[in-house]
Structures are given as structure tokens and as C-alpha cells.
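Bear in mind these aren't lab numbers, they're just calculated from the coordinates by the rules spelled out. Since the structure is predicted, the reported quantities are computational estimates derived from the model, not experimental observations. FYI the Cβ positions are ideal-geometry reconstructions off the backbone, even for glycines, and counts take in every protein chain you see.
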DNA sequence: CGGCCAAGCATTTTT
DNA sequence: TGCTTGGCCG
């Protein structure tokens, strides 16, 4: 298909900064990929082009699509990666300038970081428990604003009120930074901030990167934070900076994204050209009418855009009013069934979106009941799951005994009598003699006053790690090594013993199998030596899913956030009630909420707008048909509570919606709970536990 | 040190 | 309502 005039303007644009305001479904990726192809055609060297995205998935897709246009050989020369990956590569290439011991550093994910903070809080013995996530969020905000702990403290004290969490965060921040440095580790924020710091400190280093990358393209620009803007400003002196985004889809302010980056782009990069892509090629007119109505009420500063439909016709958007969540779920499932059987829809054409993952339960059950295959997006990232991290930590220690963070993680996992006291003794012993912790662990008899149980625990751990190390030396495939390790360390027993239910244990074991599969796949493709494997493990923190599925034909269940960038012919949005969408937390502030640094007060109004944009994102996922569902009553910690319709729903003019009521199964409401459970079991007609429960082989005694 | 029980509390989560 | 967390006791 031909490009429209705005699209070609963006593709053809020559020199100088440009902001492409790409409304939902306006062919943004196409514009970016065609633009890259165009640059290459004009003789720009592929090596001088840098395209940054936020997710691995987005960068993979972009890379692939450019490859289709220009050939994979040329595409390989391009740098298409996530912001964080770029930061990592810069830091990795500049270890000398950074003054790091050795060339490797660790990358700490969220749980590593909260672990560090938990430890610091324990040392501070504040006598009260805190939400570590809230503290981390504040530290993260400060870091991204390049406030040192002192400057931050100063700013906070002179400025308006500081709350309790600010106080603690101030106390923790410098210790947290010091701890990271002592582990020679970077957190995700550091991957960006430390690049900026380095470049500011060392103009000569910056100059090298500037000459290398003369064309920079950034996707989803509305999601960038202050540090990323700084990085871009430093790198973009050639002024060939092109950013693409949509301020109306800014939904990550709570994670530190600063929508002002996209609003003020023209100020940050003087003389910028602005192109608006307002033609929508995704959704039918009735869907877009609703989307535009939602935006019409948006407050705050915006780059005003109105989506223009190109796909006319189509059904009115349905407003489905359900008696309760079970009715809602059965409506969704029944309607999905109808679409599959009568309208020729494939499962992959259907998505169910919700504000909070908590809402997925009934839908999941209702779809399963009808044997409809589902795929869930969201939840804890694969590589952040505890058991996965435990196994990785073992492997890391076996490959590098100096990795103290990983060692501490596995020291007493599974439990082997090395508690807090024993760890403290081991650490004290090591520090006093200037040894690494591992050395102390391998010679427990030398450690003063270590209990004999703990000593035995150390010996056991050393045996396991040592056996693993030898396997690596013999060059066994990594999957095989990991499998043996699982047996040696007794993961299975611990998981079975430590899980509340069989299905939980099965799920966790399944995650380990998933990790083994990742290893196997890697083993099969050429593999590489121990060092490469160690590096691979290190990079897992930056990777999301175990890169499976995708191609599977299933109904998608996703949080609204998780659905960004996706599209489906049929979309159900559920739970459109006050308190859920917008979420309660957006309506009333909580002490643990971290206000984005530099934010202009009025936090509450701010977040309501973000909720509205989130609703807009959800609506614009739909191509052909959209169902907006709400329940008249919904459980809130156990009790069924009446619910009022979401204000966003009320903002949509009535004539744009087709309203229908769902009363639920006419089956006389005898005993709801019993009838419900019984009918579910009857419908399943097979053992509900056998479904996703891999057989757990018993280990020989 | 580890297991058990009770209280508290519960968004969203690209890297 | 169901899970995590922390405190207490064996």
C-alpha cells in the first residue's frame, strides 16, 4: 500500500531533528522501517544508524521488518536494540574508562535491587517495616534526575513537604549506591545514567560514540525518562535525531516516564520538524469514534490529534452491563465461543483486556471451561521468578566464585542451617582476612564459632558447586549441567515441600523446565565456551519471556498495559467500573506512591489522565469489534459490593454505544456458590488438576 | 535455625 | 478472598 502524505513526509525527511506523532494504528513501525531503508538507499552507512526501542520484542520486530526491506545482510549492520541494551554495550565497551576491576559487571534486576534495600533496612534497624518497592521507586526517580543523594536531600528539604518515605529513601540511597558498586553491579537505571555520567565526564569517549552513530531513531518516545533524554541530547549533536511516539499513549509515568519529553521535544531539539500521523489503518469507524470521544475529555497538555478512520462500516461498540463478575466472564466466554464457531474467528483474533491482573481469574476459568485455549500476558517476568533465579545463581557461582550476590542467594537455599548468624560470621571472617566470601565458605572449619550444622551446610554447598564446576570444565552441555544441579541441590524436593499446592509446585517446576529448554536450545545452536555461557547468564536479566509461544493460536488475556502495541480483530475490555478503571489508587493517593521527580504537584489529576489514556490504549487495540463490559457488583476482598460505571464509559456519547444487559444464567439462583462450583466441575469432566501439571518424578530415596 | 501461625493487605511492570 | 510477611516458639 502507498504511503499517505504525512507518512511519506516522515520517511523522506532529510536532515535535522524530527518528531513523528503517531496516533494509535497509524502505521508507525512502517514509517520507521521505511525511513531506515530510505537512509540506506541514500548511501548512509548501516553502521552509523542506531534505532532504540523499549522492549526486546519491539526491536526484534523492527529489525526483522527492516531486514525484509533491505535484506538481512545489510540489516545486520544496523544497531537496533533497547535503550538498556545500548547502555550496556556502551558500558561494556568502556570498562576501562569506567575504572572497573576486570571487564565484567553484574546487572541487577528489580528483585536483586529490592533485596539490597531490604538488607540495608535491616542494618538500619528502623524498627518498622517499609514497602521496599516504594523506596526503590524514589531512589530510581532521583537517579534518573541525576540527583546525588546530597543534592536530592537538599532539594527535598528546601522544597515542599517530604514524607516518611522520602526520609527513608534519602537514608538508603547512598548506601544502596555503595552496595551496588561494591558488587560491581549496575541496576537498570545505571545502564542509562552511568553512560550519561561517563559521557559528561569524558568528552573524548562521547566523541567516539557520536561519530559512530550519526542517525538516531527512538520509538515509543512518550515512555522515555529524563536520563534517556539526556543520553539522546548528548548523542544527538549531529541533530539527526528522529523520535516517534504518541503522548496520548503515555501510560508509564508511574514508572518514571516523563511525558514532557515528547511535549517539549521542539524545545529540546531546536528547529525540529513535527509530523502528525492521524490516519488510522487499524480500527473500524465505530471503534475510533469511541476512542476519540475518550480523548476529547482528556485534560493536561497534549499534542492535539484526532484519529481519522480509513476502515468504514462495522458494528457499534457494545456496552455490556453484567450482574456480577461471573456473569461477565460467562458473557465473554459465550460470546468468544460464538465468534469462533459462527464468525470464523481464530482464537488468536480475540483478546480480553483488564486493568488489573486480579480480574483475569473468572475469565480464565470460563474460557477453560469451554476448552478455549488461552495465553496470558503479564505477571512476573520469567527470569525474575524465584526458582529460576535460584538455579541461575548456582550456575553463576560455579562459573565465578567471586559473584557474591549469587553466592549469598544460594548459601542457604535449599535450607542447610546457614542462617543470618552464620552468614554474618562467614562474611566477617572473609572481610577480616581480605578473602572473598566463597573462600570462607570453602573453609568453614576456620571460621570462628560457626555452628557445626552450618559447617556441614557449607561443605554440602561446596560439594554441589564443585561438582557443577567440574562439569563445566569437562565441557558438558549447559542443559545437562543444570539438570544435574537441580538433582544435586534438591530443588524438586524443596519446591514440593515449599509450595502451598500441587499446582503451584508444578508451575514452579515447569518454570525450571522452561529454563532448561532455553539452555538446550542454546546448546543446540553452536553453544560456545564457559565464558560465553557466563555472559549469556548475565544478560538474562535484560530478557523477558523465554521466547516461546507467540505463534500459538490462543485467546489473549492481558492487562491493559501489557496490550500496548498489539491489535486484535475482537477485543473485550472488562471491569469498566469506578475504582477499577480508573483504579482506586489513581483516585486517592497513598503514602507509598512515589511522585515522579520534578512533577508539578496535582498528582491526583495527573494520574486520572493517565488512566484515561490507558483506557484509550485498550480501546484502540480493537480492529473490528469492541465490547466494553462492566459489572453492577464485584467482590472486593471477599464481599460483593455494588459498582458504578467507569467515568470513562459515561464520557462516551450514548449514541456511539449499543447497550445490553446480561443477567446471567437463568438457572434459578438457588445456592450460588454450590451451583457454581458443581457446574464448573461437571463441565470440566476431567481431572482439573491434570491439565497443566507435569508429572513430578519422585527422586529415589 | 526453621517451621508454623496470624495478621495485614492487596495496580499497572517494556528493562 | 487468598497470599505474603513477620514474629514467636520449639
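Structural remarks
- Largest first, the extents of the alpha carbon coordinates of the range A:137-282 on the three principal axes equal 49, 37, 29 Å.
- Rounded FRET efficiency, nearest 0.05, which uses the C-beta distance separating residue A:421 from residue A:499 and R0 of 25 Å: 0.35
- With distances taken between every two different alpha-carbon atoms, the range A:372-430 has a Kirkwood hydrodynamic radius of 13.4 Å.
- Protection proxy ranking of A:428-438, A:212-222 - average other beta-carbon atoms within 10 Å, highest first: A:212-222, A:428-438
- Inter-label distance, nm, simple model (7 Å from Cα along the C-beta direction), residue A:402/residue A:480: 3.0
- Contour excess over end-to-end distance, with Cα ends at residue A:525 and residue A:238 and 0.36 nm allotted per residue: 99.4 nm
- For chain A, the relative contact order works out to 19 percent when only alpha carbon pairs closer than 8 Å and six or more residues apart are counted.
- Per residue, the convex hull volume that the Cα atoms of the range A:21-73 enclose (Å³): 94
- Length-normalised contact order of the range A:106-183 in % [C-alpha pairs under 8 Å, at least 6 apart]: 41
- The label-point distance for residue A:72 and residue A:644, in a model that sets each label 7 Å from Cα toward Cβ, rounds to 5.7 nm.
- Between residue A:334 and residue A:433, the simple spin-label model (points 7 angstrom out along Cα→Cβ) gives 7.3 nm.
- Computed FRET value (nearest 0.05) for residue A:375 with residue A:449, which takes r as the C-beta separation and R₀ as 51 Å: 0.45
- Residue order, fewest to most surrounding Cβ atoms within 10 angstrom, among A:559, A:250: A:559, A:250
- By the Cα gyration tensor, the range A:294-373 has an equivalent ellipsoid whose semi-axes, rounded to whole angstrom, run 29, 19, 12 from largest to smallest.
- Convex hull of the range A:383-542 built on C-alpha atoms - directionally averaged projected area, nm²: 9.5
- Between residue A:539 and residue A:660, the C-beta separation translates, for a Förster distance of 56 Å, into a calculated FRET efficiency of about 0.65.
- The helix-only estimate of mean residue ellipticity at 222 nm for chain A, built from DSSP H runs of length n ≥ 4 each weighted as -39500 (n - 2.57), is -15500 deg cm²/dmol after division by the residue total.
- P(r) weight above 41 Å for chain A, C-alpha pairs, percent: 36
- Longest to shortest principal axis, alpha-carbon extents of the range A:106-183, angstrom: 34, 29, 17
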